[in-house]
1. Which ones in segment 28-81 are assigned to a loop (DSSP other than H, G, I, E, B) and either within 18 Å of M14 (Cα to Cα) or not charged (D, E, K, R) (or both)?
2. For segment 14-36, how many residues are under 11 Å from the mean Cα position of the chain (by Cα) and in contact (Cβ under 8 Å) with a residue 24 or more places away in the chain?
3. Restricting attention to segment 142-153, which residues are surrounded by fewer than 16 Cβ atoms within 10 Å (Cβ to Cβ) and either within 22 Å of T113 (Cα to Cα) or of a type in the set (S, T, N, Q) (or both)?
4. If I go through segment 167-198 residue by residue, how many of them are closer than 25 Å to I22 by Cα, at pLDDT below 65 and surrounded by fewer than 16 Cβ atoms within 10 Å (Cβ to Cβ)?
Amino acid sequence: MKKIKSLKEMLIKMRDLTDLMIELGYAAILQHDTELAEEVDLIKEEIRELTFDMRISAMYAAKGLSTDEIPQIASLLQLGVAVKEISDGMDDMVEIVTRGVHPVIEAVYRKDTIIKKMVVEEGSKIENKSLEKAKIPEETGFMIRAIKRQKEWIFEPTSKTTLKKADIIFLKGKDVAIRKMVEHAASKKEEKKTEHTQ
């Protein structure tokens, strides 16, 4: 049986996942990015599991509480249901990516920044480096929005956070800087390919 986290931990993770999911949903539409749309689906599944775990944890927490305290637990469950409804609503949004984005949508929503999903490759310049040493914002203009490491998320990475092989990083920055980011994060093999094609 998996270990159930505390209600506080689950609420914080639910908040962070919801924020990221909405941001990725809009980015998927505006950038016609099916990869980001797939990430939205994965986050939605995480939120569904988190909501279920919250119910279990709330039941344990309700034991021995007074009748005055039980409504507070109920409000937590209500919050979980509301977040799940938000995640369910994202299906309608990301479905637009497969159908095609109408020009009116692109005109209404600003696209001065983009979100890009990248994987830390073995042998790349940023592998096994702390964010301080990787210098991603300084070299590329992109900020790290979140890091996904296997099944764990790092929503507020610090300068000491080390990037590891196969980490999925979600970057936010200007569209014109994307080539710099690709070059900065490329493995040595990819660098050699680029040199030969030039």
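1. Across segment 28-81, the qualifying residues are Q31, H32, G64, L65, S66, T67.
2. Number satisfying all stated conditions: 10.
3. Residues satisfying the conditions are M143, Q150.
4. 1
Let's see how each residue does on (1) basic (K, R); (2) modelled with pLDDT of 90 or more; (3) surrounded by 18 or more Cβ atoms within 10 Å (Cβ to Cβ):
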{"residue": "T18", "(1), (2), (3)": "no, yes, yes"}
{"residue": "M21", "(1), (2), (3)": "no, yes, yes"}
{"residue": "L24", "(1), (2), (3)": "no, yes, yes"}
{"residue": "Q31", "(1), (2), (3)": "no, no, yes"}
{"residue": "L36", "(1), (2), (3)": "no, yes, yes"}
{"residue": "D41", "(1), (2), (3)": "no, yes, no"}
{"residue": "K63", "(1), (2), (3)": "yes, no, no"}
{"residue": "I70", "(1), (2), (3)": "no, no, no"}
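The values are calculated or read from the model by the stated rules, or taken from the named source; none is laboratory data. Owing to the predicted nature of the structure, the values given are computational and were not obtained by experimental measurement. FYI the Cβ positions are ideal-geometry reconstructions off the backbone, even for glycines, and counts take in every protein chain you see.
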